[in-house]
Structure formats: structure tokens, C-alpha cells
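The values are calculated or read from the model by the stated rules, or taken from the named source; none is laboratory data. Fair warning: this is a prediction, and the values are worked out from it, not measured in the lab. Surface areas here come from the heavy atoms of the whole protein model, side chains and all, with no ligands, DNA or RNA. Shrake-Rupley method; radii C 1.70, N 1.55, O 1.52, S 1.80 Å.
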Amino acid sequence: MKNTERVILALVLNDDNLAPLLFQNCDEKFFEEGEHRVIYRELKNLYEGKCGWNFTSFYDNIQGRRVSVSYYSTFAESILGVHDARSFLLQNILRIKQARAKLE
């Protein structure tokens, strides 16, 4: 599920218009990976501050918070070829929720 979490965050990081969908459907506990929780919190802080973001401004804000620089290179790769980001985001959120429900 680590890769699916990465896809979700990459989509939102790439397009801040998807932020409301993320925050309506996920909380910090949704993300199992520690780096993903850090990224989620920063995105939420920017969103609640009514700031849009781009990768540069996001990266400037998150430096030094337990997320390695090399980790970000995988974000762009994870969303290559996605044409309907809104639908893809919701499908991946649902996929994780369904997988976790089966485990319980």
C-alpha cells in the first residue's frame, strides 16, 4: 500500500485543486508510511492556511522533516500517464480502504 499512498500524495502535490478530495476522504491515520504522514500534514497545513502550493514551495516548507530528497523523484514517476486525476485519486483511496477493511 506504500505505492498507493505515494500515488495519492503525488496527485495532490501535483494539483492543489485535488486537496479537498484528499482531506474529505483521508486523515493522517490513513497513511501508514511515516514519510507519507509528514507530507500529508504539510499539505494540510498549507491547505488550511488557504495557500496553494507547487513543488518548490512545498519542498521549501518540508525540508528537514524526515523526508529524503531522493524520495520525491519517485512522485513524478508514480503519476505518469494519469489522465483523470480526480477519478484516479478517489479509486486509490477506495482501494486502500477496501484492502484494510478485509484485513480487519
Filtered hits (lysines, Cα-Cα < 26 Å from residue 102, offset >= 8 within chain) -> 2, 29
How would 50, 97 line up by accessible area, probe 1.4 Å, largest first? 50, 97
How long, wide and thick is region 7-46, going by the Cα atoms along their three principal axes, in whole angstroms, largest first? 24, 19, 17
Applied in sequence order to region 2-19, the curve 6.51 cos²θ - 1.76 cosθ + 1.60 (Karplus, θ = phi - 60°) yields integer Hz couplings, x standing for Gly and Pro, of 4, 5, 5, 4, 4, 4, 4, 5, 4, 4, 6, 5, 6, 9, 5, 5, 8, 4
